[in-house]
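The values are calculated or read from the model by the stated rules, or taken from the named source; none is laboratory data. Note that the coordinates shown come from a computational prediction; the quantities given were computed from them, not determined experimentally. Cβ placement follows ideal geometry from the backbone for every residue including glycine, while neighbour counts extend to all protein chains displayed.
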Amino acid sequence: MASRTYTLPALEYDYKYLEPYMSEEQLTIHHQKHHQAYVSGANALLEKLDKAHTDGSDVDVKAICKELSWQIGGHMLHSLFWLNLKIEEAPASGELAAKLNADFGNLDQFKKEFTKAAVGVEGSGWAALALCPMTDRLLIMQIEKHNVNVFPGYPILLVLDVFEHAYYIDYKNDRAKYVDAFWNICGWGAAATRLAQAQNALKAMDSR
Ligand SMILES: [Fe+2]
């Protein structure tokens with residue numbers, strides 16, 4: 001049975017694995033402190049809700065909904081992010097490459113647009129590649145914070161964290177340099193797997 005609370009996922013690699021593009025110190029703090037904070041924050045809110053549902057105490061529903069969206073968004077996106085980091089992986093191939101070519105013209109054009117989306121996020125946020133379940137098109141989302149400008153229900157294939165906490169140790173305030181370095185640790189394989197899973201899920205829904 002699924003846990004009733006959120007848990008920080010362990011990384012599938014050690015903290016030095018992404019060097020020199022992401023340092024051990026940067027990755028350790030990002031994972032153990034920043035990501036953990038979203039997990040703890042979401043669980044604290046769930047505890048507050050559970051208490052209210054047990055003892056009937058009053059809850060500020062509006063405030064809790066807003067904060068849960070922030071904490072859960074942060075947890076879910078970081079969980080995807082760790083999985084789509086891989087050192088020097090070969091560029092996209094197979095179905096993912098075919099779709100990137102079909103929907104963006106070519107891989108370089110996709111990388112250019114994704115880079116612009118990431119560098120241009122206002123304040124803190126994410127760039128994400130998602131699949132539109134209605135048109136089967138790949139689209140880029142420029143997510144602000146963890147939960148603004150999100151296309152609801154679009155499976156996310158690839159994300160890049162551009163909160164300053166993701167790069168301040170390694171790149172200071174130079175987000176563009178960090179985004180440029182990301183292309184050396186972009187896990188195309190994870191994106192291809194997620195694309196296949198999303199397409200299979202959509203086919204299963206269509207056949208019902
Ligand atoms: Fe982050």
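Is one or more of the residues making up the stretch 116-125 within 19 Å of residue 80 (Cα to Cα), of a type in the set (S, T, N, Q), surrounded by fewer than 21 Cβ atoms within 10 Å (Cβ to Cβ) and within 16 Å of the ligand (Cβ to nearest atom)? Yes; the residues of the stretch 116-125 include at least one that is within 19 Å of residue 80 (Cα to Cα), of a type in the set (S, T, N, Q), surrounded by fewer than 21 Cβ atoms within 10 Å (Cβ to Cβ) and within 16 Å of the ligand (Cβ to nearest atom). Just one residue in the set 156, 143 is touching a residue at least 40 places away in the same chain (Cβ under 8 Å), buried (at least 19 other Cβ atoms within 10 Å of the Cβ) and away from the ligand (no atom under 14 Å from the Cβ); that residue is 156. Selection of the stretch 56-70 for residues being more than 18 Å from residue 4 (Cβ to Cβ) and in a helix (DSSP H, G or I) yields 61, 62, 63, 65, 66, 67, 69, 70.
Quick one: in the stretch 63-73, which of the residues that are of a type outside the set (A, V, I, L, M) and either in contact with a Pro (Cβ under 7 Å, 6 or more places away or on another chain) or farther than 30 Å from residue 14 by Cα (or both) is nearest to the ligand (Cβ to nearest atom)?
67
With respect to the conditions (1) part of a helix (DSSP H, G or I); (2) outside the structural domain of residue 148 (by TED's automatic domain parsing); (3) away from the ligand (no atom under 16 Å from the Cβ), residue 19 falls short on a single one, namely (1).
Restricting attention to the stretch 60-73, the residues being of a type in the set (A, V, I, L, M) and loosely packed, with under 14 Cβ neighbours inside 10 Å number 2.
Is one or more of the residues making up the stretch 128-137 surrounded by 24 or more Cβ atoms within 10 Å (Cβ to Cβ) and within 25 Å of residue 22 (Cβ to Cβ)? Yes, the stretch 128-137 contains a residue that is surrounded by 24 or more Cβ atoms within 10 Å (Cβ to Cβ) and within 25 Å of residue 22 (Cβ to Cβ). Can you confirm whether the stretch 56-67 contains a residue that is among the hydroxyl-bearing types (Ser, Thr, Tyr) and in contact (Cβ under 8 Å) with a residue 12 or more places away in the chain? Taking every residue of the stretch 56-67 in turn, none turns out to be among the hydroxyl-bearing types (Ser, Thr, Tyr) and in contact (Cβ under 8 Å) with a residue 12 or more places away in the chain. The strands (runs of 3 or more DSSP E) found wholly in the stretch 112-199 and carrying at least 1 residues that are modelled with pLDDT of 95 or more and among the β-branched types (Val, Ile, Thr) occupy 138-144, 156-161. Please go through the stretch 52-83 and pick out each residue that is among the polar types (S, T, N, Q) and either in contact with an Asp or Glu (Cβ under 7 Å, 6 or more places away or on another chain) or modelled with pLDDT of 95 or more (or both). Selection gives 69, 71, 79. Across the stretch 74-111, the qualifying residues are those that are touching a residue at least 40 places away in the same chain (Cβ under 8 Å), away from the ligand (no atom under 16 Å from the Cβ) and not in a helix (DSSP H, G or I), and the one among them that is surrounded by the most Cβ atoms within 10 Å (Cβ to Cβ) is 92.
Would you please name the residue that is surrounded by the most Cβ atoms within 10 Å (Cβ to Cβ), looking only at residues in the stretch 173-208 that are within 15 Å of residue 162 (Cα to Cα) and of a type in the set (A, V, I, L, M)?
Filtering the stretch 173-208 for residues that are within 15 Å of residue 162 (Cα to Cα) and of a type in the set (A, V, I, L, M), the one surrounded by the most Cβ atoms within 10 Å (Cβ to Cβ) comes out as 179.
Residue-by-condition table, conditions (1) surrounded by 15 or more Cβ atoms within 10 Å (Cβ to Cβ); (2) more than 21 Å from residue 179 (Cα to Cα); (3) of a type outside the set (A, V, I, L, M):
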position	(1), (2), (3)
10	no, yes, no
15	yes, no, yes
22	yes, no, no
35	yes, no, yes
41	yes, yes, yes
